[in-house]
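See structure below.
The values are calculated or read from the model by the stated rules, or taken from the named source; none is laboratory data. Since this is a predicted model, take the numbers as computed values, not measurements. All Cβ positions, glycine included, derive from the backbone under ideal geometry; neighbour counts span all protein chains shown.
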Amino acid sequence: MLIHIANIIILASFLVSDVMWLRALSIVGGGVWVCYFSVAFTEVNWSGIGWNVVFTTINVWYIIQLILERRPIQLTEHERSLKHLVAPDLSQRDWSKLIKKGQVISGKELIIEKESVLDSIYLVMAGELSLENDKLNEERLTSGQLFGGLSYLNNVPFDQQVKEYDELSLITWNKDVLKNHLQDAPQIEAIFQRLFGDEIARRKTNLTKLG
């Protein structure tokens, strides 16, 4: 009887679409199998019990991971505002993962040497900053605008200087870390391509005005 109950439960686990329910039913089925191996033979079948304990342990581990992944995402006010500006269609979970790949810094922590090849890119989270170049007009950036993209794309020196900022906070991503993250995230890659395009358009507009 126990063997039939165990198989029915395992069969039911294959019929559910939710992975958590699949693993939960597999655990219950495994428990019934343990009972079967304990009482159905003249001696306890420890090998059968052992394998089901292994399977149950694996399923419990993944259920814990699923619970952690499904927890509500808590974003700060600045993180929510920035998401609305640059990635309104991205899920909060993916946005939170992207932010965690970077580092939030203040204007006072921003140190960029002119004519250096940047190892990071920068996205203004809140406040304003001014970028200046001897040959270009001043650029004022606000929330949702990125800089350092040209250096990121072409591995060329950053030819501007941060001259002033007002209650500034930014998110900065290391280039290598970001590249690795974008390889498996086409939706986020498209967002950065748009931000890079905006930076290039600003530069072209600046050159046009200068000319």
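Descriptive notes on the structure:
- In the stretch 31-46, the residues that are assigned by TED's automatic domain parsing to the domain that holds N7 and polar (S, T, N, Q) form Cβ pairs under 6 Å with partners that are surrounded by 15 or more Cβ atoms within 10 Å (Cβ to Cβ) and part of a helix (DSSP H, G or I), at six or more places apart or across chains, as follows: N45/F37.
Residue by residue, here is whether (1) in contact with a helix residue (DSSP H, G or I) (Cβ under 7 Å, 6 or more places away or on another chain); (2) over 30 Å from D184 (Cα atoms); (3) among the basic types (K, R); (4) surrounded by 12 or more Cβ atoms within 10 Å (Cβ to Cβ) holds:
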| site | (1), (2), (3), (4) |
| --- | --- |
| M1 | no, yes, no, no |
| V19 | yes, no, no, no |
| V32 | yes, yes, no, yes |
| S81 | no, no, no, yes |
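- Any hit, the stretch 127-148, residues being under 24 Å from R70 (Cα atoms), surrounded by fewer than 18 Cβ atoms within 10 Å (Cβ to Cβ) and out of contact with any Pro (no Cβ under 6 Å at 6 or more places or on another chain): no
- Taking every residue in the stretch 140-166 that is in the same structural domain as A201 (by TED's automatic domain parsing) and pairing it with any residue that is of a type in the set (S, T, Y) and in a helix (DSSP H, G or I), at least 6 positions away or on another chain, the pairs with Cβ-Cβ distances below 8 Å are S143/S81; P157/S151; F158/S151.
- When every residue of the stretch 110-120 is checked against the conditions, at least one turns out to be surrounded by 14 or more Cβ atoms within 10 Å (Cβ to Cβ), out of contact with any Lys or Arg (no Cβ under 7 Å at 6 or more places or on another chain) and touching a residue at least 60 places away in the same chain (Cβ under 8 Å).
- Failed condition for L123, given (1) within 15 Å of S169 (Cα to Cα); (2) under 23 Å from the mean Cα position of the chain (by Cα); (3) free of Cβ contacts under 8 Å to residues at least 24 places away in the same chain: (3)
- Count - residues of the stretch 149-194 that are under 12 Å from the mean Cα position of the chain (by Cα) and charged (D, E, K, R): 2
- If only residues of the stretch 80-96 that are part of a helix (DSSP H, G or I) and in contact (Cβ under 8 Å) with a residue 60 or more places away in the chain are counted, the one that is farthest from the chain's Cα centre (by Cα) is S81.
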